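Heads up, the thing below is written out as structure tokens.
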Amino acid sequence: GDSVTQMEGPVTLSEEAFLTINCTYTATGYPSLFWYVQYPGEGLQLLLKATKADDKGSNKGFEATYRKETTSFHLEKGSVQVSDSAVYFCALSELQGAQKLVFGQGTRLTINP
Amino acid sequence: ETGVTQTPRHLVMGMTNKKSLKCEQHLGHNAMYWYKQSAKKPLELMFVYNFKEQTENNSVPSRFSPECPNSSHLFLHLHTLQPEDSALYLCASSQGGRVTGELFFGEGSRLTVL
């Protein structure tokens, strides 16, 4: 079945560093791709999404590009802040049925001042 | 105030107890979900309800029993659980019908089974 693989965490960076969190997927069709973020003590919330190949999703300084040729959707941010500390989940949506999302295992990010 | 509210936030129960988790959404959505979040594992989809009808049961053991009385409320009834069922249980909702992908999550119910 469809699956999502994220880079192992935890990831620890200093403030203003460049961030990349890798995500690759396996899917039989052409799924939509998502990044969700979970701040401490909260539920997941959508960060950005891309629905077709070469689309770039962006929000709050984060970006990710849907790369069909490498089946990847890596999350990037040019200059991270302490407030970006959270767990980040890559996900894909299967096109059949209800809005079923398949998630990666999550990557915990800690930003030090 | 979050659009998806889960209660209780924390629950401790013995293996012989019966308890329920409750989820309520105030977003006018038609689809609701239960996910299980365990340490170092991907989120596991448990159940999906679309317009109050169960459309997905992801091979969940029968000791977990969902109930969706209307599009705004979702319950997860728990009985005879095992310690490995200890996890964060997340409820989510979304617009029904065509896939757009955005789920709105509650803050979760942290379950500990002794």
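The values are calculated or read from the model by the stated rules, or taken from the named source; none is laboratory data. Being a predicted model, the structure only gives us computed values, none of them experimental. Virtual Cβ from ideal backbone geometry, glycine too; neighbours counted across all protein chains shown.
Structure data summary
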read-out	value
Residue check, B:Q54 surrounded by fewer than 16 Cβ atoms within 10 Å (Cβ to Cβ) and either at pLDDT below 95 or assigned to a strand (DSSP E or B) (or both)	yes
Condition met for B:A39 (without any contact (Cβ under 8 Å) to a residue 60 or more places away in the chain, within 22 Å of A:V102 (Cα to Cα) and surrounded by 13 or more Cβ atoms within 10 Å (Cβ to Cβ))	no
Test: residue in region A:5-12 that is out of contact with any strand residue (DSSP E or B) (no Cβ under 7 Å at 6 or more places or on another chain), over 24 Å from B:Q25 (Cα atoms) and either loosely packed, with under 13 Cβ neighbours inside 10 Å or at the interface with chain B (Cβ under 10 Å from one of its Cβ atoms) (or both)	yes
Complete set of residues in region A:25-49 that are part of a loop (DSSP other than H, G, I, E, B) and closer than 14 Å to A:S72 by Cβ	A:A27, A:P31
Considering residues of region B:5-18 that are in a loop (DSSP other than H, G, I, E, B) and more than 10 Å from every other protein chain (Cβ to nearest Cβ) only, the residue surrounded by the fewest Cβ atoms within 10 Å (Cβ to Cβ)	B:T16
Single unsatisfied condition, B:L76 versus (1) modelled with pLDDT under 95; (2) touching a strand residue (DSSP E or B) at 6+ places or on another chain (Cβ under 9 Å)	(1)
Which listed residue is under 26 Å from A:G41 (Cβ atoms) and of a type in the set (F, W, Y), from B:F64, B:F51	B:F64
Scope region A:44-59; condition closer than 22 Å to B:L90 by Cβ and either free of Cβ contacts under 8 Å to residues at least 12 places away in the same chain or away from every other protein chain (no Cβ under 14 Å) (or both); matching residues	A:Q45
Selection count where residues are assigned to a loop (DSSP other than H, G, I, E, B), out of contact with any Ser or Thr (no Cβ under 8 Å at 6 or more places or on another chain) and within 17 Å of A:S3 (Cβ to Cβ), scope region A:67-94	2
Hits in region A:3-24 (condition: in a loop (DSSP other than H, G, I, E, B) and closer than 22 Å to A:K56 by Cβ)	A:M7, A:A17, A:F18, A:N22
One residue from B:L90, B:L21, B:L76, B:L45 being within 11 Å of chain A (Cβ to nearest Cβ), among the hydrophobic types (A, V, I, L, M, F, W, C), in contact (Cβ under 8 Å) with a residue 40 or more places away in the chain and buried (at least 18 other Cβ atoms within 10 Å of the Cβ)	B:L90
